Structure formats: structure tokens, C-alpha cells
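Read-outs throughout are calculated quantities, based only on the coordinates presented, and are distinct from any laboratory measurement. Nothing here was measured: the structure is a model prediction, and the numbers come from that model. Reconstructed Cβ throughout: ideal geometry from the backbone, glycine too, with neighbour counts over all protein chains shown.
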Amino acid sequence: MKVAVFSAKKYDRDGFTQWADASLQFHYIDSRLTPQTVQLAAGCHAICAFVNDDLSAAVLQQLSNLGIEMVALRCAGFNNVDLACAKTLGIRIARVPAYSPQAVAEHTVGMMLCLNRKLHKAYNRVRDDNFSLDGLLGFNLFGKTVGLIGTGRIGLATAKILHGFGCQLLCHDPVVSPEITALNARYVPMEALYAQSDIISLHCPLTPDTKHLINHYSVGSMKDGVMLINTSRGALIDTQAVITGLKSRKIAYLGLDVYEQEADLFFENLSEQVIDDEVFKRLLTFPNVLITGHQAFFTVEALQEISLITSDNLLAFASNTVTGNELTN
Ligand code: NAI
């Protein structure tokens, strides 16, 4: 089976090529999947897509016209896929539900520590022979209250690390996890989580219900000086609302691994170009904002699992079986 791998980077090629054989051939395409690039999948039986590839109804229809019957997502989130349309067209969608929750959880906590202890500033200062501590004052994580929105795989892995730090955990999720309550964490209504948390971290999926979950109203309900971390999906946050929160000092620390308009920016080297996104550029002006370019998943262990599970999903499709990673609407 020939598979068109969109948004293919060197690390994707390295990961997937080890599983290639007579039954699974990968055709790597640098471009993102968009209505303009979809034709590059011609001659393939399946495609492999990533977080910022466009799998809207228009693109799915074009894929179907090319004879594509399978989309293998090499990620956990699937907010970029029109599942109802895929079902109508008879295109099978599979994903990698859990390749390494710890990778994302560790990056999340890394962002908390970096912002709190101002490691991003300290790194530059010391390289400039500036050993002054003025402006680097942090706070202990021990004893602080952390609010986790979403306690699935990544929320749980984050909770376990923070429990080890001696944090009090408040959680919100429609599904109660016994593993979370075993950490002495409490499920509380969203309002209580906003009002009581020193740090808030987002670990729920992006759905129509969770889009702009963090908005002017929710920011207003948070503690003064709150730290907000988003390693989930950019559109969980109304970016203008957090900029207002940063300007009013309501938000004292902001860590983002994802951004609502990231598809035009992330995963590319744009250092020689002018970036037109005024909102993103405004975020970068704040000293207390740390942004990484959707790298929370990016560990050796996670990449190995992603390529292995994605290949299994493709082979299952080729042999007309299932792995359990298929998405149904
Ligand atoms: P999961 O499916 O195991 O857990 C998600 C949890 O969110 C579930 O327990 C669900 O009940 C809960 N949830 C749903 N709606 C909610 C709401 N309105 N409020 C509170 N909780 C709600 O997913 P997992 O593996 O923990 O991943 C979470 C998200 O992390 C993914 O959807 C994806 O967007 C993001 N992600 C980001 C990565 C990165 O590199 N930055 C890598 C992998 C995932």
C-alpha cells in the first residue's frame, strides 16, 4: 500500500522509513495538506496527516475523488477532521490515541518551572556575564494549588508529577478518574477551579464546546497573578482575552505550546521572513510569556510510538482488520 505522508519532516521520514516494506511504502510530501496540495496524494491508497493538515469536508471530498480510503493521523487530537463527512465518504480515520502522555506532561511542567523561576531570562543573563538576581524571584510549587482542566491521559500524567511536587490539585472533567482521586485531587466546578488555582493547565480536547473556553469571562474569574499553561490546542484560548489579562496583570505567567493560528507559523523556520500575525507578535513582547512551537510531543520515545502505531493502523486497514484506534463519528 502506498501512503502519502503530508507535512513530512526529517524526523518523520526517519521514524516511518524503519517500518516500510513491500506492503507499506511511504511517499513523503513536505507540504501541509490543503485544498491546494491534496492532488499530491494522487496514486496513493492512503494518506498520513498531522495536527495542522486540513481534513475539512472540501479536502476529504478531493481525497475521495483520488481514491483515498484511509487517513492515518500521526497524532492524538482530531479536531482538524470532519468526521461526519469522512463517514459519509467511507474514508476510514485512525489516530494514535496515546503515544506518550508523559512527553506532553513533562513539557507542561517544564513550562511551569521555566516561567516561575524565569529560566528563559536567567539563561540569557548568565551568557552575558550578568549574575544579578534582580527580577528572577520565583515561588515554590510546593503547596500551590494547580487546576487541571481535562484529566484524561495527559492530565493524569501531569497530575502525578505535580502531586510529587506537593501541589494541591483541583480538577474539572465530565469523566471522574479514580486514579486522579487517588492522588487526593478534588473534582470541582469550573468556577471554583478558576477562583482557587494559582496555576491552571489545559488538557481537554478542542471541540465546539471547548473552543475559547478561556475567554474574557473565565480570565476575569481567575486569581490575580495566575499562571496559565496550554499544551493542548490553541483554540481553547481566546488569545485577545489573555492579552487583556496580561496587560491588566491578572495573568502573571503564560505558557503556550499551541496557538489558535499556529498552522501558518509552527513547524517551519520563518526567521528570514516578516510575520504578519499581529496577535502572535504582541504575545512575544511580554516578558512573562513563554511560547514553544507545538513541541510537547517531541521526544524520542513518542516519535517511535507514533510511527509504530500509525504503521499498525495502516496495515490493519490494508488487511481489512481494525486496531481499535479508528475514529467513528
Ligand atoms: P484524553 O482523551 O485522554 O483526555 C481528554 C480529557 O478531556 C478526557 O478525560 C475528557 O473527558 C476531558 N474533557 C472533554 N471535554 C472537557 C471539558 N469541557 N472540560 C474538561 N475536560 C474535558 O486526551 P489526552 O491524550 O489527555 O490529550 C488531551 C489533548 O492534548 C488532546 O486533545 C490534544 O489536543 C492535546 N495534545 C497536545 C500535544 C502537544 O504536542 N502539544 C500532543 C498530544 C495531545
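Which members of the stretch 294-309 meet the condition of being in contact with a helix residue (DSSP H, G or I) (Cβ under 8 Å, 6 or more places away or on another chain) and more than 14 Å from the ligand (Cβ to nearest atom)? Working first, answer last.
To start, the set of residues in the stretch 294-309 that are in contact with a helix residue (DSSP H, G or I) (Cβ under 8 Å, 6 or more places away or on another chain) comprises 294-299, 301-304, 306-307.
Result: 304, 307.
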Here the residues within the stretch 53-81 that are surrounded by fewer than 20 Cβ atoms within 10 Å (Cβ to Cβ), within 23 Å of the chain's Cα centre (by Cα), part of a loop (DSSP other than H, G, I, E, B) and away from the ligand (no atom under 11 Å from the Cβ) are 56
Out of 282, 249, I need the residue that is touching a residue at least 24 places away in the same chain (Cβ under 8 Å), assigned to a loop (DSSP other than H, G, I, E, B), over 30 Å from residue 13 (Cα atoms) and out of contact with any Leu (no Cβ under 6 Å at 6 or more places or on another chain). Which one? 249
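Return yes or no: is residue 307 over 19 Å from the mean Cα position of the chain (by Cα) and on the phi < 0 side of the Ramachandran plot? Write out each step before concluding.
Details: over 19 Å from the mean Cα position of the chain (by Cα): no; on the phi < 0 side of the Ramachandran plot: yes.
Here the answer is no, as residue 307 does not meet what is asked.
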Kindly list, by first and then second residue, each pair from a residue in the stretch 224-236 that is touching a residue at least 24 places away in the same chain (Cβ under 8 Å) to a residue that is among the hydroxyl-bearing types (Ser, Thr, Tyr), limited to pairs with Cβ atoms under 6 Å and residues at least 6 apart or on different chains. 227/253; 229/108; 229/201; 231/108; 234/259; 236/210
Output the residues belonging to the stretch 253-269 that are under 18 Å from residue 241 (Cβ atoms) and not small (Gly, Ala, Ser). 253, 254, 256, 258, 259, 260, 261, 262
Residues located in the stretch 252-279, provided they are in a loop (DSSP other than H, G, I, E, B) and touching a residue at least 12 places away in the same chain (Cβ under 8 Å): 257, 258, 259, 260, 261, 265, 266, 267, 277
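I want to confirm something. Restricting to the stretch 120-139 and keeping residues that are outside any loop (DSSP other than H, G, I, E, B) and not hydrophobic (A, V, I, L, M, F, W, C), which single residue is farthest from residue 289 (Cα to Cα)? Outline the logic, then answer.
Of the residues in the stretch 120-139, the ones outside any loop (DSSP other than H, G, I, E, B) are 120-127.
Then keep just the ones that are not hydrophobic (A, V, I, L, M, F, W, C); that gives 120-121, 123-125, 127.
Numbers: 120: 10, 121: 11, 123: 15, 124: 15, 125: 17, 127: 21 Å.
So the residue we want is 127.
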